[in-house]
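> The structure under discussion is supplied below as structure tokens; questions concerning it will follow.
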Amino acid sequence: MRGLLALALCATPALADVPLTAEAFEAHVTGHTLTYQQYGQLYGIEEYLPDRKVRWSVAPNTCQYGSWYPEDEYICFVYEYDPNPSCWTFRLSAGRLVALSIADAPGAELHETERSQTPLPCPGPEVGA
């Protein structure tokens, strides 16, 4: 019995490191606006809309529109002004997302620090043009 308990305790942290599936990621993010930090500093805020659409902001009232899609164990994002995808692994830690870009080494993770249902204040396209 002790052997089974030890095995279960050892296996639990490993399960937390398993990347989220697209379905689990979608269930966690859709309808929410998430704030991410990296190295203890604000990295950006992303609003996750229906149909895998997103709005990303790194500055107040400045947004990029895009979408996400699954590719193998990654979640990839493309934005209107950058056709090159940015792919990430996402996992949950204490109910919050931890993301690592495939371009970064471990230690450079983004951490979900805030979650709300408040939309990003994004002006519409071509406002004032």
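> What shape does the stretch 46-99 take by its C-alpha gyration tensor, where a ≥ b ≥ c are the square roots of the eigenvalues and a/c under 1.5 counts as rounded, a/b above b/c as prolate, and the rest as oblate?
Since a/c reaches 1.5 but b/c is at least a/b, the shape of the stretch 46-99 is classed as oblate.
> Between Asp104 and Cys76, with labels modelled 7 Å along Cα→Cβ, what's the label distance in nm to one decimal, could you check?
2.0 nm
> Once Lys and Arg get +1 and Asp and Glu get -1 on their Cβ, which of Ala22, Gly44, Asn61 lies farthest toward the positive end of the dipole of the stretch 19-67?
Asn61
> With +1 on each Lys and Arg Cβ and -1 on each Asp and Glu Cβ, how big is the dipole of the stretch 18-116 about its Cα centre, in debye rounded to the nearest 20?
Values: 6 positive and 14 negative charges, 53 e Å.
Using only the charged Cβ atoms, the result is roughly 260 debye.
> Quick one: net charge of Glu26's neighbours, Cβ under 13 Å, K/R +1, D/E -1?
Here the charged neighbours net out to 0.
> Arranged by the count of other C-beta atoms within 10 angstrom, fewest first, what order do Trp68, Trp56 take?
So the residues, fewest neighbours to most, are Trp56, Trp68.
> Two decimals, Cα atoms only, Kirkwood Rh: what is Rg/Rh over the stretch 18-116?
Ratio of gyration radius to Kirkwood radius for the stretch 18-116: 0.92.
Every number in this text was worked out from the coordinates using simple rules, so none of it is lab data. Computed from a predicted model, the values in this text were never measured in an experiment. A quick note on method: Cβ atoms are made from the backbone with ideal geometry, for glycine too, and the neighbour counts reach across all protein chains shown.
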